[in-house]
């Protein structure tokens, strides 16, 4: 569904991404894991066309994304830090998103809006919201249009345990619908029962991309957290 | 694209600065025409306002607006929207609101007090200068991510177009006094939309006869239909070129 071929991106002297090649298919749910500053968010932003790679290319359903913008209607994106126009209310932001993406007639998925009880605070302005509430709005927008692919950048950071469970349940549900899900997170225990594949990045390079079973087998560990910890330790030495 | 323009304009209207700007222009225009019995003199007083205040407000407001809507831009870039049309929508929204403010504040008094060629020229030049400086502001805001620096660049550009450029011209005129510079002056005037606007308005006023030989040449050139068309084309280039460069930069920008 989405194929990246030797994507390289430099910010000045810093190489954020170096020769990253990945293939992601429908039905997979992939964890993008790596230390801070390993290029995870940059890679996600490349997929969304928010960052333009210096070299290499990315295709979405066999279409190069550099000349295409419509492909983004198949993607729901939840940013790491949701930034919204400060003086708009939640309702206005949601209405604007609906207005802009209306061309697709697919039914709206307002499950998360209800589950997070955003209805009660619809008229609050974005600038008055707490970090966790912003995350809820971001999540609601990402799932709202029933996209084929979900890109979730640190979805559970800042959410309370109850909301985390609601969100995880929702992700699991969408996974069973056969959607492609790409998640980055440092809270590996959150990922354990959601994901099927693991991508590990370090220093802008993709170190490996394999299925969760394969990874557990290779490291001889049972849980995802332990498996990743043993890899990080091996890399640090 | 229409939808985004709608949101940009709604956002600008929520901002009270636009209303303040309109009222400010309206008060100045009405008092200028109210105090001067001779509308021609009023036009002359208003000329300086149009050529100094209008570029300043257009460029500063647009620059600040672009920096303040960083969140809006970031949100929409991840959505199925063409970057080019997002940028053009911001430009259209800004330019049309600033033009509306100018039209209400200056245009209507002009049409009431001087409903002749002079009034229309001034109205047209004011609108063109508004659009030109909005385009320049969009380009300036593409040079740096830092808001303070961006506003600084905008103020410097305004300074250049309204003051420094004239200084340079005067300097050149004095240095090369012994040479015939009249033709070169026409070329120089193309390099600054504010000067071009000033010349076109002054030529409609009778006082242009006082400005000597250069003025006669200007009259010859810009007074003809052909010269007028060339001048308007140059003004259009002043909109298109900055806008084109800013679109190109925005299309490649990392957010």
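The values are calculated or read from the model by the stated rules, or taken from the named source; none is laboratory data. Computed from a prediction, not measured in an experiment: that's the story for all the values here. Virtual Cβ from ideal backbone geometry, glycine too; neighbours counted across all protein chains shown.
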Inset, instruction - Considering only residues that are within 14 Å of chain B (Cβ to nearest Cβ) and within 20 Å of the chain's Cα centre (by Cα), look in the stretch A:53-65 and name the one that is farthest from residue B:86 (Cα to Cα). - result: A:61
Legend entry - Search result, residues across the stretch B:62-98 that are closer than 24 Å to residue B:148 by Cα and in a loop (DSSP other than H, G, I, E, B): B:69
Inset, instruction - Among the residues of the stretch B:1-40, write down those that are out of contact with any helix residue (DSSP H, G or I) (no Cβ under 9 Å at 6 or more places or on another chain) and more than 14 Å from every other protein chain (Cβ to nearest Cβ). - result: B:20, B:31, B:37, B:38
Inset, instruction - Tally the residues that are touching a helix residue (DSSP H, G or I) at 6+ places or on another chain (Cβ under 7 Å) and more than 14 Å from chain B (Cβ to nearest Cβ), restricting the search to the stretch A:5-27. - result: 1
Inset, instruction - Say whether the condition of being in contact with a helix residue (DSSP H, G or I) (Cβ under 6 Å, 6 or more places away or on another chain), in contact (Cβ under 8 Å) with a residue 60 or more places away in the chain, over 21 Å from residue B:153 (Cα atoms) and more than 14 Å from chain A (Cβ to nearest Cβ) is met by at least one residue in the stretch B:56-73. - result: no
Legend entry - Given (1) within 13 Å of the chain's Cα centre (by Cα); (2) surrounded by 17 or more Cβ atoms within 10 Å (Cβ to Cβ), index of the condition residue A:224 fails: (1)
Inset, instruction - Give just the number: which of (1) within 14 Å of another protein chain (Cβ to nearest Cβ); (2) out of contact with any helix residue (DSSP H, G or I) (no Cβ under 6 Å at 6 or more places or on another chain); (3) over 16 Å from residue A:154 (Cα atoms) does residue A:50 not satisfy? - result: (2)
Legend entry - Pairs with Cβ under 8 Å, 6+ apart, first in the stretch B:164-182 and under 21 Å from residue B:221 (Cα atoms), second exposed (fewer than 14 other Cβ atoms within 10 Å of the Cβ): B:182/B:213
Legend entry - Which listed residue, of B:93, B:107, is within 14 Å of chain A (Cβ to nearest Cβ), modelled with pLDDT of 90 or more and crowded, with 17+ Cβ neighbours inside 10 Å: B:93
Inset, instruction - Restrict the check to the stretch B:122-133 and report whether at least one residue is out of contact with any helix residue (DSSP H, G or I) (no Cβ under 8 Å at 6 or more places or on another chain) and either under 11 Å from residue B:59 (Cα atoms) or loosely packed, with under 14 Cβ neighbours inside 10 Å (or both). - result: no
Inset, instruction - Considering each of A:113, A:75, A:30 in turn, give the residue that is surrounded by 14 or more Cβ atoms within 10 Å (Cβ to Cβ), in contact (Cβ under 8 Å) with a residue 40 or more places away in the chain and more than 9 Å from every other protein chain (Cβ to nearest Cβ). - result: A:30
